Amino acid sequence: MISIIRRHLGWKIFVSYLLVIFVGIIVLTTAAEFVVPRSFDRHLATMGSMMVNMMGSSSMGMDFDADLFTNFRTAVNEALTIAALAAVIAAVVVSFFVSRQVVTPVREMMLASRFIADGHYEERVRVPGDPSKGELDELSQLALSFNQMAAKLEQVEIRRRELIGDISHELRTPLTAIKGSMEGLVDGVLPGNEETYMGIYKEADRLQRLVSDLQELSRVEAGAFELDRKPIDVPDLLTATVERLKMQFEEKGVLLVVEIPDGLPQVQADDDRIGQVLLNLVGNAMQYTPSGGEVKIKATHQDDEISISVSDTGIGISPEHLEHLFTRFYRVDKSRSRAGGGSGIGLTIAKFLVEAHGGRIWAESAGPDLGSTFTFTLPVAHKI
């Protein structure tokens, strides 16, 4: 199949060269048929009259003109024939080399695409030219795009495998706890009291929250949600978040501070979705800040954006973890129990929601035990 495609493509290139040559020959021959007689008659008119005067016989001059024109036309046709043969030979040679330059990269991409179709996403093709110097023709750009596509497919496959492994791990923990508790109840090892049942209930609740988070993540990643964006006052957003978490902060003994400057413009946002983002960021800050610490929510206005930051004096984050924080199921402390944290996809959902509003989100930290700051932006209302 490959050889057939290669042969067909090579023949197409060769025939295209021949067609160009044949069209050129037809145009040249047709033009010569119209132009040569007139030019020849015009240039020999003066010579004919001079020869008649010199030789004194018009019939001899006419015979001479006819013979001369016949010989001239024969010479022109012979020259055209030789030029056509030379052009055909040149077309064969050029098309051979050009077809190799064209067919070889196409053949490589075809073979690589078959490997990718079989699940070998690490396959790549050679890119002719030097991409760093911008020396890329159409085929080189095609090869480069092919490699980029293959790299993205490989990353998608890696993330798919990681997701399956992460979900399996996340589900295994509460299911194991529930199964162990139920076996203990059946065997009479565990007492059938309120404490045992509450433990089972908590694990089932964790399992339900995980499933809900996964459903939410699936929707936001697929863009299968609608935003009811409207002008909203930033103080209203922050006040709603503070009211919902105020009691939890008081119970843990963490101080919650809100700084909002006067005259802050409205943002164009879905208050439910942005409230979800704020709850996640403020809730995480409270969770990883020890008793006696502080969490600060601050809003600032710069250019056409409103920046909302959530800073804490908690455990902090090492620099190597910052760029991975918004990856689903990523945890800074791999040994930390899931009972002490959420499902590990809250920040991923927050990232998708913020970007759906046209904003940005990022994390900063000076290092372990030095606290951290999560910031996201929203466009001001009058710019939408």
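The values are calculated or read from the model by the stated rules, or taken from the named source; none is laboratory data. For clarity, every value in this text was computed on a predicted model and none was experimentally measured. Positions of Cβ are generated from backbone atoms using ideal geometry, with glycine treated the same way; all protein chains shown enter the neighbour counts. Note: accessible area is taken over every heavy atom of the protein model, side chains too, but ligands, DNA and RNA are not part of it. Shrake-Rupley method; radii C 1.70, N 1.55, O 1.52, S 1.80 Å.
General remarks:
- Cross-link pairs beyond the 21 Å C-alpha cut-off, checked among Lys252/Lys296; Lys246/Lys296; Lys202/Lys351: Lys202/Lys351
- Once the Kirkwood radius over Cα pairs is known for the range 145-225, the Stokes-Einstein relation at 37 °C and 0.692 mPa s delivers a diffusion coefficient of 213 µm²/s.
- Peptides 268-279, 143-154, 187-198 ordered by packing proxy, namely the average of other Cβ atoms within 10 Å per residue, highest first: 268-279, 143-154, 187-198.
- Carbon and sulfur %, accessible surface of the range 186-239 computed with the full protein complex present, 1.4 Å: 49
- Evaluated at q = 0.18, 0.22 Å⁻¹, the base-10 log of the normalised Debye intensity for the range 201-330, with identical point scatterers placed on the Cα atoms, takes the values -1.26, -1.42.
- Probing with 1.4 Å while keeping every protein chain in the model, the per residue accessible area of the range 213-283 equals 55 Å².
- Cα gyration tensor, the range 197-268 - rounded (a/c under 1.5), prolate or oblate: oblate
- Couplings for the range 188-201, taken from phi via the Karplus curve 6.51 cos²θ - 1.76 cosθ + 1.60 with θ = phi - 60°, read x, 6, 9, x, x, 10, 4, 4, 5, 5, 5, x, 5, 4 Hz in order; Gly and Pro are left as x.
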